[in-house]
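Structure record follows, encoded as structure tokens.
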Amino acid sequence: MALFRRRNKASNDNVSHVEATLPPEAPKPQEVQPVAAQAKPAQQAEAPAVAVTESKPAGIFVSVIIPVYNSMPYLTELLNSLELQDLDKSLYEVIAVNDGSTDFGGEILDVYAKRNANFTVVHQENSGWPGKPRNVGTSLAKGEYVFYADSDDTLGTEALRRMRDFALEHDVDVLAPKLVPVGGRVIRTSLFSSTQVDVPLEQIFATLMPQKLIRRQMILDHDLRFAEEKVRLEDGMVLAGCYLHAKRVSVLADYEYYYIRERGDGNNISAQPFEPKGYVESMTHISNTIRDNTTDDPELGRKLIAGLFKRKGLKFFVGDRFLKYREARAKLWTAAFGPYVQEFLAERTNEVLSDQDTAKAKAIMAGDYEQLKLLAAKDELVAERPELTKATAKSDHFELHFTSPGVGPTPRALYLDERETERRLQFEVSEQGKGKYIAKIPFAALAAQKLGIGDIHVKYDHAETRRIRVPANVKEATASGVRVYRTIKGALSIDLRKSTLV
């Protein structure tokens, strides 16, 4: 049993919120002007102590931190979504840091702060980048966790409560909630296909965006601060440290938690031009963080750095994007990445990158612009999906014949992923000639699992899995109520709901 009492009102109501909470290294009170909710009148008498069963931790669970700069009218949508959260308001606070907005967003923030006791607003001179507002918000935060939201996005109304329940149940250090792209935003949605209590580092490093629930003490213990100057990947630098120091990282995908927006005015920071030298410096910072924190498993470190390079580096050397660069611009990117690849990926490159990506890495190190153009011209063919040529039902198995581009990665196995669960079956593939493959799916394996509908993917080394494309003229295969078929999107799936396999 635990006792709690209502806190006595401060003896000096004029003490500013910033003066009471900011640590010495934070901005000075005259530079940062918070607006908190108006205090509620004190009751006439102190309520007696009440005994309650302590089933939940006391105090603020999560501090939602928002850097704000010229984000109207989207800002009101975010504030409304936070105001309407179904989590008890005593368990969360909202800290919005107005980074010198020139629209009327600052005034809107003040309105919400005056009507919500758990909202705090900080007004500061423009810093030009989200890093400083996030650091200021973190220094003010009282929550056990922080959640970094962007001012043009919104949260589902059950988001904070659901994240809290999951984080407490599983003792999570970093929780990645399901992101839903809106307005044409493109993100890696496959990561949020299912909930995972423990996510491998190689998988979670695919998302370096800051919209995560993060244990605040971990941030403080390891001094994980956002870069405050105009640099790319400043959120990735912090998230990399969080992932590597966390004891548990989870993905929560049972609800549409966070709607991430592509702004119609093109003012997302991600839409701003890249500067090659500074960008690669940020890549180097993240890679050094990985290397420094994987000394007990350097091979894992190499894989994480290779994955970072594939997602964040090689994208500048892919297909039409690279071919459309002016020669001077293309050579700037090549020169910027040359030392990076030499330092982190020069040795045993083909063990962590596909053949095509290895060839690009070598061309980057050599500064070979002409070779990079030739490789970029092949990218469209390399990226082609495998294609089913025939599906047949044999006496004890399904036999799938498919092709895969000869210049692309080599198929290593076939995955069958059940749609409604996390169950995955793996089957061998055998090469029948250049670019031609056969996979056998035994009836016994299907009968043992009692699956529903499963989607079929091809597994590769050092490349993401790909769905098998099915031309309209390829016939489906059936056996004992099981159907191997073409989906409405032209992909290969298997329906076992009416299976009589034994």
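The values are calculated or read from the model by the stated rules, or taken from the named source; none is laboratory data. No experiment lies behind these values; they were computed from the predicted model shown. Neighbour counts are summed over all protein chains in view; Cβ atoms, including those assigned to glycine, are modelled from backbone coordinates with ideal geometry. For the accessible areas, the whole protein counts, side chains as well, though only heavy atoms, and no ligand, DNA or RNA atoms are used. Shrake-Rupley method; radii C 1.70, N 1.55, O 1.52, S 1.80 Å.
For region 404-458, how many residues meet the condition of being farther than 30 Å from ALA376 by Cα and touching a residue at least 60 places away in the same chain (Cβ under 8 Å)? Let's see the steps before the verdict.
Just the residues of region 404-458 that are farther than 30 Å from ALA376 by Cα, to begin with: 416-428, 439-455.
Applying the additional criterion that residues be touching a residue at least 60 places away in the same chain (Cβ under 8 Å) yields 416, 421-422.
Selection size over region 404-458: 3.
Are any residues in region 180-230 modelled with pLDDT of 90 or more, small (Gly, Ala, Ser) and under 26 Å from TYR259 (Cβ atoms), and if so, which ones? Let's see the steps before the verdict.
Residues of region 180-230 that are modelled with pLDDT of 90 or more, as a first pass: 195-227.
Pick out the ones that are also small (Gly, Ala, Ser) and you get 206, 227.
Matches in region 180-230: ALA206 only.
Is it true that some residue in region 358-365 is in contact (Cβ under 8 Å) with a residue 60 or more places away in the chain and closer than 13 Å to LYS310 by Cβ?
Going residue by residue through region 358-365, those that are in contact (Cβ under 8 Å) with a residue 60 or more places away in the chain are none.
No, region 358-365 contains no residue that is in contact (Cβ under 8 Å) with a residue 60 or more places away in the chain and closer than 13 Å to LYS310 by Cβ.
Of the residues in region 287-300, how many are more than 17 Å from VAL238 (Cα to Cα) and either crowded, with 16+ Cβ neighbours inside 10 Å or not polar (S, T, N, Q) (or both)?
5
Pull up region 449-478, narrow it to residues that are open to solvent by less than 20 Å² (accessible area, probe 1.4 Å) and among the aliphatic types (A, V, I, L, M), then point me to the one that is farthest from GLU351 (Cα to Cα).
Kept after step one, since they are open to solvent by less than 20 Å² (accessible area, probe 1.4 Å), are these residues of region 449-478: 451-452, 454, 456, 458, 460, 468, 470, 477.
Restricting the remaining residues to those that are among the aliphatic types (A, V, I, L, M) gives 451, 456, 458, 468, 470, 477.
Working: LEU451: 35, ILE456: 26, VAL458: 19, ILE468: 25, VAL470: 31, ALA477: 37 Å.
The residue in question is ALA477.
Among the candidates LEU375, LEU414, LEU400, which residue alone is more than 17 Å from ARG466 (Cβ to Cβ) and open to solvent by less than 20 Å² (accessible area, probe 1.4 Å)? Step through it out loud before you land on a result.
On the way: LEU414 fails: more than 17 Å from ARG466 (Cβ to Cβ); LEU400 fails: more than 17 Å from ARG466 (Cβ to Cβ).
Answer to the check: LEU375.
How about region 481-498: which of its residues are open to solvent by 30 Å² or more (accessible area, probe 1.4 Å) and under 28 Å from THR403 (Cβ atoms)?
Of region 481-498, the ones open to solvent by 30 Å² or more (accessible area, probe 1.4 Å) are 481, 483, 486, 488-489, 497-498.
Within region 481-498, ARG483, ARG486, ILE488, LYS489 qualify.
Residue by residue, here is whether (1) more than 20 Å from LEU168 (Cα to Cα); (2) surrounded by fewer than 14 Cβ atoms within 10 Å (Cβ to Cβ); (3) modelled with pLDDT of 95 or more holds:
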| position | (1), (2), (3) |
| --- | --- |
| ALA47 | yes, yes, no |
| ALA58 | no, yes, no |
| THR102 | yes, yes, no |
| ASP153 | yes, no, no |
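Look at PRO386 and say whether it is out of contact with any helix residue (DSSP H, G or I) (no Cβ under 7 Å at 6 or more places or on another chain) and open to solvent by less than 30 Å² (accessible area, probe 1.4 Å). First the steps, then the outcome.
Details: out of contact with any helix residue (DSSP H, G or I) (no Cβ under 7 Å at 6 or more places or on another chain): yes; open to solvent by less than 30 Å² (accessible area, probe 1.4 Å): yes.
In short, yes.
From the list ARG162, ARG115, which one is within 20 Å of the chain's Cα centre (by Cα) and basic (Lys, Arg)?
Numbers: ARG115 fails: within 20 Å of the chain's Cα centre (by Cα).
Of ARG162, ARG115, the one residue that is within 20 Å of the chain's Cα centre (by Cα) and basic (Lys, Arg) is ARG162.
Residues are listed down the side, and each one gets a yes or a no for (1) under 30 Å from VAL429 (Cα atoms); (2) small (Gly, Ala, Ser); (3) in a helix (DSSP H, G or I):
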residue: LEU353; (1), (2), (3): yes, no, no
residue: LYS360; (1), (2), (3): yes, no, yes
residue: ALA363; (1), (2), (3): no, yes, yes
residue: GLU370; (1), (2), (3): no, no, yes
residue: LEU374; (1), (2), (3): no, no, yes
residue: LYS378; (1), (2), (3): yes, no, yes
residue: GLU384; (1), (2), (3): yes, no, no
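For LYS360, are the conditions met, namely being surrounded by fewer than 17 Cβ atoms within 10 Å (Cβ to Cβ), modelled with pLDDT of 90 or more and of a type in the set (D, E, K, R)? Spell out how you get there, then give the answer.
Numbers: surrounded by fewer than 17 Cβ atoms within 10 Å (Cβ to Cβ): no; modelled with pLDDT of 90 or more: yes; of a type in the set (D, E, K, R): yes.
It is false that LYS360 is surrounded by fewer than 17 Cβ atoms within 10 Å (Cβ to Cβ), modelled with pLDDT of 90 or more and of a type in the set (D, E, K, R).
Are any residues in region 244-263 open to solvent by less than 30 Å² (accessible area, probe 1.4 Å) and closer than 16 Å to VAL182 by Cβ, and if so, which ones?
Scanning region 244-263 gives TYR257, TYR258, ILE260, ARG263.
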